[in-house]
Structures are given as structure tokens and as C-alpha cells.
């Protein structure tokens, strides 16, 4: 198996390398110290396995994974235990809490080996653990940026720049003043991860920044149309109208 | 509350002095308005005023036990009218009896009758109310002082508790990442691991051992900061460049405990953690003409990185602590340019709040 290490601290890379030496079937093909170069390397080298830190310069380990179309097997290595649930949401094989023992490291590799056979058959989307994780009412911290890919470019959108979000089948379209970006995420995700002080889900298909709403016009029997700062029009359901009223306090 | 008159000789003297004044007025009134001779007037004055002075000492108790705040006004008035009636009856009868006895003995021919009954009652009522008024005023003043004292003690306790809650805590992520580095170095570079354990230990010892409310010389803060930096340097290597420029006169200036390290930690977090290029973190200290200390901590940062928003508690806590200790609001300032972030602290010469 060909493995990569993406980790910003030299001693932390060193220990993974050292532990890896006693596994003849794992070959180290590169090591990187930030998210961007790591992302590039995954695309170019197509490793089977990545040891991935969460907190890194440029983009975090989670953001990196969101940008990959095909994911190799991931073992997270981090000192932050609060990310464990999110790591499994990302279908990580294992989650190593720093500092970790050699036994624990070996266990992770065992899982990787078992998984590499299993994943060839199973569809990841039917992972039973995913269902459990979806129903966990985790305390979510608000997003501060969204990382998106447009062609071969990677854009970091600060949450402050988001005007509104529109549902597009399995994707969402994120609208900013600099353009719109497609992202593979659910509306539910943004509804829970954006600050409710700033954003309101006004419709099944729309989440809008409250201060962008300039005017509301009745539309049909029990729905409305919101007119935004730059003239865009979006649908507002009755429930959305009520939420918006609270947010705007009128 | 102790008896305001008998608690010290000084107060007894003042009280007596007051009565000598009343005696003077009494004698003068009898002599000039009632045409009574000096000796009789003096005896009359001495008897009646000494009596009232003695009763007056005892009047403290009904005042003390009839608290203005705990009694209804009607109750209070009834109470005092009753006590006044008893006081005046006792005073008048005893006074008349004594005056007559003494005058009979000294100058039997000058024996005066029960002159001026209404006059004596008016005087008695006036004296009674004047006395209890003075007593109530004294109680009021005492309570006020007590109240203010309690309030300032309470304020101090609150300050102390606040300072305790604001003390900076060791960041668990720093700790675990450092332990991870050590675990790696024990295998790859045991000597460096040893060095890192020593540095980490001295940082931990410093952070845990001191009383968070103490003021300590800047020198110690700088030593601790250096331990912290050398641990981070092992983790981040060349990526962290550290510079310091500290005036010789600054080292003994007293500063709040653990005020420097959280700011350095912040600078490293926003500068080094988020950048792929080497980042300089620098600390400068200088004495200002007014003997206060100016500390600047700055870090470069990657202008392209979308900043991770910290919770800001580190900086907020430091601002709050400075406010409590020095009772000044403008000791903290932040300057941000396109690629650098500077925090500036002014540490005054002397604290206002001190433990």
C-alpha cells in the first residue's frame, strides 16, 4: 500500500514514519506539511492511505477531504478529541489521538488492511455508522469559511461573503458577490453550521443572510418572495416568513 | 455598636462639655428672665442638668433597641413618647426634691417654690428629643460607614474571584501536541526529547505553581515565555522565528502573572499555525517616561489565509484582568496591517487592586 503523511509538525511526521518502518506492506511515498500541498499530492500520487492531521495551515484536514472526488483511506492524527465524530462522518478508517502508542498505530493499520478489501465491495454511502452519526445531535461549532473547487482552482469563501445558498439536487449553490460556487453538501448541514443570528432557512431550497433581505412581497396564497440586495428574488415559505420576521424583528 | 459616650474618656469629656453649655444657658435664663439670684440659679441648674445628663447616658439604650429600620413609625413614636413621659416625671420629681433639700440646707430663706413647671417640661422635651436625635444620627453614621466598609470588602472579594476565573489555562492542545513531539523524539532524537521535557516542565511548573493574582517581575515572565517558545520551536522548527528586544530597565517591573505567554500563544496560533512560510513573532518592552511599561507583541501572518476565528477568550481575559488590577480601561490596544498583527500593553507602575 502506498501511503502519504500530511502533518504540519516535523516530530509528528517523524513518529508516523518510524512506526511505519516495521510494516513492510506500507510504502511511504511522500510527506507534506500543509493542506494545499497535501491536496495536490493526493491528486497526483493517488495514494491508498493518508495519515492526515486536522489543524494545518491553509486548509484543514476536513476541508481537504471535502475537495477530493475520490478519497483514499484516511487515518486522522490529531490532538483534538472533539473531532472524532466528524472524522467518522468523513468515513475515516481510524482516528489516532496524539500521542499514540505503537500498538494503537498497528491497530489502525490492521483496520486499514481489512477496510481495503471491504471497500472494494461495499458502497460507502450505505455505511450503517453514517446513519447513527446523522442522528447524533452534536454540538456544532459554526463555520467560518467554506472551501470550494471551481475547475482546478480552490476558493476559500469566508462565511461573511455568503449572500445566500440554494439547493441543487445533491449539491448546494453558494452565492457570493464574487460569483457562485457549487458544493457537495446538504442544506441541512448549512442550516446547522451557519450562525442563526446571520442566516435563516427561508425555504426548502434557500438559506439567506438576514441582512440581505431588502423587501418581502406576497406571492400566491401562503408564500412570499424575498428581494435581496442586488435584486435577486428567492422563494420564502410561510414557515420561512415567520422565521425571517423573528430575525428581522418587525 | 458600643455606647457612643462611655466607650472612651474623650467622648465623656465632650458630653460633659455639652452639658456645661446647657448649664450656662439654664443659669442665665433663671437669673435674667426670672430674676433669681445666682446661687439658687446655679444650684437649680446643676441639679436638673446633672440629672438629665445621667439619664441621657441611659437613653442610648431605648434608642439603640428601637431601630429606625426595623420599627414602624407609629410604634417608634409611641415608644419614645412613653419613655419621654417616664423620663420627664422622674427627672422633674427628683430634681424638685433635690433642689429643695439642698436650698433648705444652704440658704433656707431663699427656698423657692415649684416655679416654672411648664418651662421645665418644655426644656425636658427639647433635651429629650435633642439627645435621641443625636443618638440616631450617630447610629446612622455608624451604619453608613459599616455599609461602605462591607461594600468595599465585597468588591475586593469579587475582584479576587474574577481574577481567579480569568487566569489563563494551559491549552490542552498545546500540551498533547508537545507530548506527541516528545514521544516521537524519544525514538528519533532522545537528547532533544530530554531538552523538550525540561522546557515543558519548567513551563508547566511556572504556570501551575504561582498564585494567579500575584504581581511578579517581568524577568520571570520572560523566562517562562522563553521556555514556551523553545517547546514550540521544537514542534515547528524553522517556521517559527522569534525575536525579542527588552530594555534593561524593564526586567524588574512588576507585571500580572502569566500576562505574556497567552499573548505569545495567540501570536503563534494565528501566525505560525496558519502559515506555510516562516513567521516572525517578536516581543518588545520599553519603559515609558511615566515609569509605566510598554509591551508590544507582534506576529506576521499569511494575508491569504482566511483566518480561523479564535474564541477570543485569551485576549478578553487579559483585558479584563488589566482592568481589575489597574482600574484603567485603555491599557490594551491592537493594530492590524495587511500582514502583521500587533498587540500592545501598557503596564502602569503601581496596581490599584492588590492582593
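Every read-out reported here was derived from the displayed coordinates using simple, explicitly stated rules and does not represent laboratory data. Values in this document were obtained by computation on a predicted structure and should not be read as measured data. A quick note on method: Cβ atoms are made from the backbone with ideal geometry, for glycine too, and the neighbour counts reach across all protein chains shown.
Here are the numbers for this structure:
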item: Three-way shape call for region B:31-105 based on the alpha-carbon gyration tensor, with the a/c threshold at 1.5; result: prolate
item: Förster radius 30 Å - calculated FRET efficiency between residue A:40 and residue A:101, Cβ distance, rounded to 0.05; result: 0.40
item: Residue B:7 versus residue B:249: modelled label distance in nm, points set 7 Å from Cα along the beta carbon direction; result: 4.9 nm
item: Label-point gap, in nm, between residue B:29 and residue B:46 - each point 7 angstrom along Cα→Cβ; result: 2.0 nm
item: For region A:2-137: rounded, prolate or oblate by the Cα gyration tensor [a/c cutoff 1.5]; result: rounded
item: Sites residue B:333 and residue B:165 - FRET efficiency at Förster radius 35 Å, r taken between beta-carbons, to 0.05; result: 0.90
item: Nearest-0.05 FRET efficiency for residue B:151 and residue A:225, computed from C-beta distance (R0 56 Å); result: 0.40
item: 222 nm mean residue ellipticity, helices alone, for the protein assembly as shown (DSSP H n ≥ 4; -39,500 (n - 2.57); rounded to 500); result: -16000 deg cm²/dmol
item: Antiparallel content of DSSP bridges confined to the protein assembly as shown, in %, to 5; result: 70 percent
item: DSSP-defined antiparallel bridges as percent of all bridges, region B:154-347, nearest 5; result: 75 percent
item: Shape of region B:213-255, Cα gyration tensor, a/c cut at 1.5; result: oblate
item: Stretchable slack from residue B:238 to residue B:125, in nm (0.36 nm times residue separation minus alpha-carbon distance); result: 31.5 nm
item: Fewest-first ranking of A:181, A:51, using other Cβ atoms within 10 Å as the exposure measure; result: A:181, A:51
item: Inter-label distance, nm, simple model (7 Å from Cα along the C-beta direction), residue B:144/residue A:170; result: 8.0 nm
